[in-house]
Amino acid sequence: MGESWEHEEVVTRLGRRSGVPVTVAVHSRRLGPAAGGIRLRQYATWQDGLADALRLARGMTYKNAVAGLAFGGGKTVIAVPSGVALTPALRADALADAGDLIASFEGSYLAGPDIGTGQEDMLYLRSFTDHVFCLPEAHGGTGSSSGPTARGVLAAVRAGMSSVFGTSTVAGRRVVVVGMGSVGTLLARDLSAQGASVVVADVDETRCAGYEQVAVADAYSLPADVLVPAAVGGVIGEGVRAPLVVGPANNQLVSDDVAASLNASGVVWVPDFVASAGGVVYTLGREASGLDHDAAMAQVETIEETVTTLLAASAAHGATPLAEALALAERRLAPAPSRV
C-alpha cells in the first residue's frame, strides 16, 4: 500500500524523558475511533519510523474495515535510533513518552501491543493513559492477542486451501512458516497437529527446534503448498513457489505491484490485513464491545468466510485478492449517501 498523505492526524514528538522520537499516526476515524498497536524498534532515522507509522496506520484502517469493525486505523511507532542501546530505563522512558502522546488524543486513538511491546507494557502505560488495551488478564484485559491472531490466520488458510486445492484440510501438505515469534510458533504447532509437514525459518535458530528448518533467505522461494509469512514485512517478491501465501506479517509485499505479478503466475496471496485481523477482532470485541470469549472467537472465525468471498470475487472479476479487499474496505469507508 502506498504512502501518499491521506492521514487525518499525525504527531511526531521528541520524548521529553527519553529523547526518542515517538509518532502517532491516525489514518482514519470514519468508522469510529482509530485503533492500532505500539511498535517499538530501532530505525536508521526518525523519518523511517514516521514512514512506518503512516504505512501501518493505513493498513489498520483497511484491516478494521474489511473485518467489519466500528473502528478506524492508527499506529504508534517509537523509533529508537540505530546504535542506541535500549536499556530498561530508556525503554521505560520511551513508553512513558508514548503514553503521554496517546493520552493527548483523548480516546480518539486506542493503542495495543505490536512488535517490541506486550501486555505488561500496556499495564505500565495505564499509568499515563486509559486508552490502551490487551492488559494482562489478571488486570482485567484480554492478555496477549497472539492466540486469536493465529486462529484468524488458520481460518484464512482454510479458505485459501479450499480455493486453491478444493479442500480446507492441510493434512499431508507442505507448509513453510517464516518467523517463529509468538504467532508463528502457534501456527507451526497447530498446522503440524493437523497433519501438515511444517518447515520453519527464523533468524533465531533456537526457535526452530522440533521442525525441519531452512534459512530465512531460502524460505520464501522454497517449493511448498502454503507459504506463511509471520515475520517482517517487505519480503514477498518474485520467486515464490507456493501456490498459496497467507500469514500474519504486516506489509508482506516488496511493493503493491507484486500482488499482480503473483496473481499472474498463479499464486494466491491473501492480503495480510485480512488474514491477520484475528487479534484486533478478538481484543476489541472483548474490551470495547463487551463480548465474552466464545462470541469474540466466533467473530474471529468469520475471517474464513471473508477470505472465501474475496477469493471468489477475485476469480470472477479477474482481479487480485488485494484489489478486491481494498474495494471492500473502500465501500465500507464510503460516506453514507445524503438523504437531502
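The values are calculated or read from the model by the stated rules, or taken from the named source; none is laboratory data. The structure displayed is predicted, hence computed values, not measured ones. When we count neighbours, we look across all protein chains shown, and the Cβ atoms used for this are built from the backbone with ideal geometry, even at glycine.
For this structure, a couple of remarks:
- Tally, over the stretch 111-152, of residues that are charged (D, E, K, R) and touching a residue at least 40 places away in the same chain (Cβ under 8 Å): 3
- The numbered conditions (1) free of Cβ contacts under 8 Å to residues at least 24 places away in the same chain; (2) in contact with a Lys or Arg (Cβ under 9 Å, 6 or more places away or on another chain); (3) of a type in the set (Val, Ile, Thr) are all true for Thr169 except (1).
- Verdict on Leu154 being within 27 Å of Leu322 (Cβ to Cβ), in the same structural domain as Val77 (by TED's automatic domain parsing), modelled with pLDDT of 95 or more and in contact with a Leu (Cβ under 9 Å, 6 or more places away or on another chain): no
- Of residues in the stretch 290-312 being among the small types (Gly, Ala, Ser) and either touching a residue at least 40 places away in the same chain (Cβ under 8 Å) or part of a helix (DSSP H, G or I) (or both), the one nearest to Thr142 (Cα to Cα): Ala296
- Taking residues in the stretch 10-24 that are closer than 16 Å to Gly36 by Cβ and at pLDDT 95 or above, and partners anywhere that are of a type in the set (D, E, K, R) and surrounded by 19 or more Cβ atoms within 10 Å (Cβ to Cβ), the pairs with Cβ atoms closer than 6 Å and at least 6 places apart or on different chains are Val22/Asp97.
- Selection within the stretch 11-30 - in a loop (DSSP other than H, G, I, E, B) and within 19 Å of the chain's Cα centre (by Cα): Arg29
- Residues in the stretch 243-265 that are hydrophobic (A, V, I, L, M, F, W, C) and assigned to a loop (DSSP other than H, G, I, E, B) were compared, and the one that is nearest to the chain's Cα centre (by Cα) is Ala249.
- Residues in the stretch 250-288 that are among the small types (Gly, Ala, Ser) and under 22 Å from Ala155 (Cα atoms): Ala259, Gly266, Ala275, Ser276, Ala277, Gly278, Gly279, Gly285.
- If you go through the stretch 266-289 and keep only what is at pLDDT 95 or above and outside any helix (DSSP H, G or I), you end up with Gly266, Val267, Val268, Trp269, Val270, Pro271, Ser276, Ala277.
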